[in-house]
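The values are calculated or read from the model by the stated rules, or taken from the named source; none is laboratory data. Please read all numbers here as calculations on a predicted model, not as lab measurements. For neighbour counting, all protein chains shown are included, and Cβ atoms are generated from backbone atoms with ideal geometry for every residue, glycine included.
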Amino acid sequence: MSIEQRKVVDFISTRGQGGRIILTISDHRPWTSGTNHVQALQDKINDYLAFIESGEVYDSYPRAHGQEIEIQIVCKYPPEGEGVRFLKLAGDSVRGAGFHFSTRMSENEPNDGEG
């Protein structure tokens, strides 16, 4: 799965027993690919928000009932330039909608301190 596959949740998991529900976006594209990358990622985040806000997350993953939800982006390449700015704005937007947001490199822990 990847950011090109709209309307598909790449991964759903639970952090710890009875913990936060993590909806993961797998981002394999380099940040040097420009605005197409940012637009694809923005579209994918919006799809995830619609999945949560419509309640479809609870139909697809009943364990999500009563749990906090986080959208996490796992990047293959470190964000740079416009990507850094976009991820900050995206995080602010997701948090403003009442959900958690984090990013991490594919082999590292979450890098925004929210985890």
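At-a-glance table
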| read-out | value |
| --- | --- |
| Top-ranked residue in region 71-91 [being in contact with a strand residue (DSSP E or B) (Cβ under 8 Å, 6 or more places away or on another chain) and surrounded by fewer than 15 Cβ atoms within 10 Å (Cβ to Cβ); ranked as nearest to HIS28 (Cα to Cα)] | LYS76 |
| Those residues of region 14-31 which are of a type in the set (S, T, N, Q) and either farther than 16 Å from GLU70 by Cβ or loosely packed, with under 14 Cβ neighbours inside 10 Å (or both), in sequence order | GLN17 |
| Some residue of region 45-56 being out of contact with any Pro (no Cβ under 7 Å at 6 or more places or on another chain) and assigned to a loop (DSSP other than H, G, I, E, B) | yes |
| Residue that is nearest to ILE3 (Cα to Cα), among those in region 58-71 that are in contact (Cβ under 8 Å) with a residue 40 or more places away in the chain and in a helix (DSSP H, G or I) | SER60 |
| Some residue of region 72-82 being assigned to a helix (DSSP H, G or I) and modelled with pLDDT of 95 or more | no |
| Cross-chain or 6+ apart pairs with Cβ under 8 Å, region 3-31 first and small (Gly, Ala, Ser), then surrounded by 14 or more Cβ atoms within 10 Å (Cβ to Cβ) and assigned to a strand (DSSP E or B) | SER13/ILE21; SER13/ILE22; SER13/THR24; SER26/VAL74 |
| Any hit, region 24-41, residues being of a type in the set (Gly, Ala, Ser), outside any helix (DSSP H, G or I) and out of contact with any Asp or Glu (no Cβ under 9 Å at 6 or more places or on another chain) | no |
| Tally, over region 1-50, of residues that are modelled with pLDDT under 90 and of a type in the set (Lys, Arg) | 4 |
